[in-house]
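Below is one structure; the comments refer to it alone.
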Amino acid sequence: MSKKLRIGIIGSGGIAQGCHMRGYAAVPELAEIVAVCDVNEKTAQAAADKFDVPTVYTDYNEMLAKEELDGVSVATPNKFHKDPTIAALKAGVNVLCEKPLGMNADECREMCAAARDAGKILQVGLQSRFAGAPVWLKQYIDAGSMGDIYYARAQAIRRRGVPGWGVFINKELQGGGPLIDIGVHILDLTLAMMGYPKPVSAFGKTWDDLGKNPDLWNSWGDYDRTKFTVEDFAVALIKFDNGAVISLESTFMANGPDVWETQLYGTKAGAKIRPGDEGKDAITIFTETNRQLMDISPANIPHVESAHVEEVKAFVNAIINGEPTPVPGENGLILNAIFDAIYKSSVTGNEEKVDVTF
Ligand SMILES: NC(=O)c1ccc[n+]([C@@H]2O[C@H](COP(=O)([O-])OP(=O)(O)OC[C@H]3O[C@@H](n4cnc5c(N)ncnc54)[C@H](O)[C@@H]3O)[C@@H](O)[C@H]2O)c1
């Protein structure tokens with residue numbers, strides 16, 4: 001393909017401006033943002049002005065009809081991922097949709113089916129895998145250096161980190177709280193390291209006492225406690241068909257330290273990874289040599305300037321080269337199906353089946 005890709009943006013708020021548009025702007029020789037759409041015209045115009053985009057829309061159907069796009073980023077609140085994604089795919093346009101892919105697995109099934117029917121790419125906005133430390137650890141695991149990974153402990157724990165903007169505390173618009181919003185990143189990273197085994201069941205529990213408490217300080221801006229309808233804390237044990245288990249903890253508020261890491265336990269070695277970090281703190285490998293326990297820190301992991309920019313580049317390259325995306329919609333479906341089972345389990349008190357049928 002010799003011409004530049006024509007890109008549209010659907011939902012031009014925080015993540016679109018901070019990450020997606022920045023990502024396309026980083027590859028001007030390959031892609032050009034030709035239109036921005038947001039239901040809020042001022043937001044669309046502000047984004048367009050910032051990135052020198054000629055045209056704004058408030059209706060994505062009109063944008064899809066008029067702009068002959070090759071790709072769109074869908075960066076709307078979770079409830080509004082499905083409809084624009086399916087509309088774009090039906091119009092023959094490739095989609096990079098923000099995480100979580102849908103409000104639930106049923107929505108994801110529809111979105112994946114639309115991509116298959118259209119023969120177009122559906123990529124999920126899960127950028128953690130593109131950071132330097134995860135890229136290095138993945139090739140270390142794939143080389144067999146850790147043996148079989150049979151257990152992982154994934155933690156996305158914020159002590160006082162309820163997003164004070166957007167709709168992140170609104171279950172109706174988001175589908176859930178920290179589990180679906182940030183647990184999705186650490187769980188995706190963990191699953192990617194383990195080769196995305198097939199989940200079979202989950203047992204989970206959620207709480208919401210701290211998030212609703214008006215007396216507690218929040219580090220990410222103030223918010224109306226009476227409108228807090230999501231969980232503030234979620235914990236789960238997830239079982240996979242290869243016998244592996246993941247324990248997942250994800251919080252917006254908790255009386256414990258901030259943690260953003262996953263620990264992987266393999267038959268040959270273990271690893272602790274903090275995906276957002278660089279340098280010696282990013283990865284520790286736990287192994288044994290000549291009956292000596294060794295804690296090893298890789299010292300020259302290649303620097304990645306922005307995982308978000310790498311994610312957008314992966315989308316652009318998949319379109320140009322006609323290759324599958326490294327983060328397909330089916331991964332998003334698996335994540336949403338796990339969350340469905342965890343939320344259900346918290347209500348029933350039982351271990352619940354994870355339905356990943358496509
Ligand atoms: N990958 C990440 O690390 C990351 C970080 C933050 C947010 N996100 C995801 O990005 C999405 C948006 O989050 P945000 O923080 O940018 O929110 P935001 O509120 O800043 O922006 C969302 C924008 O979508 C617009 N919008 C709503 N419905 C629309 C529609 N039908 N058509 C067009 N525009 C519409 C809103 O007016 C708003 O401007 C969410 O799904 C969130 O989970 C991902």
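Numerical summary
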| item | result |
| --- | --- |
| Members of the range 145-170 found to be under 21 Å from LEU101 (Cα atoms), part of a loop (DSSP other than H, G, I, E, B) and of a type in the set (Gly, Ala, Ser), listed by number | GLY166 |
| The range 171-180, subset open to solvent by 10 Å² or more (accessible area, probe 1.4 Å) and part of a helix (DSSP H, G or I), residue nearest to TRP207 (Cα to Cα) | LYS171 |
| Residues within the range 1-24 that are over 25 Å from PHE168 (Cβ atoms) and open to solvent by 60 Å² or more (accessible area, probe 1.4 Å), tallied | 5 |
| Residues of the range 52-72 satisfying the condition of being assigned to a helix (DSSP H, G or I) and either open to solvent by less than 20 Å² (accessible area, probe 1.4 Å) or within 14 Å of ARG6 (Cβ to Cβ) (or both) | MET63, LEU64, ALA65, LYS66, GLU67 |
| Some residue of the range 24-39 being assigned to a loop (DSSP other than H, G, I, E, B) and near the ligand (Cβ under 7 Å from one of its atoms) | yes |
| The lone exception for VAL162 - which of (1) modelled with pLDDT of 95 or more; (2) under 30 Å from ALA88 (Cβ atoms); (3) not charged (D, E, K, R) it fails | (2) |
| Strands (runs of 3 or more DSSP E) lying entirely in the range 240-317 (those with 1 or more residues that are surrounded by 15 or more Cβ atoms within 10 Å (Cβ to Cβ)) | 245-251, 259-266, 270-273, 283-289 |
| Number of the exception - GLU98 against (1) farther than 20 Å from PRO328 by Cα; (2) in contact with a Ser or Thr (Cβ under 8 Å, 6 or more places away or on another chain); (3) near the ligand (Cβ under 8 Å from one of its atoms) | (1) |
| Residues of the range 196-223 that turn out to be part of a loop (DSSP other than H, G, I, E, B) and touching a residue at least 12 places away in the same chain (Cβ under 8 Å), as a count | 17 |
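The values are calculated or read from the model by the stated rules, or taken from the named source; none is laboratory data. Only a predicted model underlies this, so the values are computations on that prediction, with no experimental measurement involved. Here Cβ is always computed from backbone atoms with ideal geometry, including for glycine, and neighbour counts include all displayed protein chains. All accessible areas refer to the heavy atoms of the entire protein, side chains included, with ligands and DNA or RNA removed. Shrake-Rupley method; radii C 1.70, N 1.55, O 1.52, S 1.80 Å.
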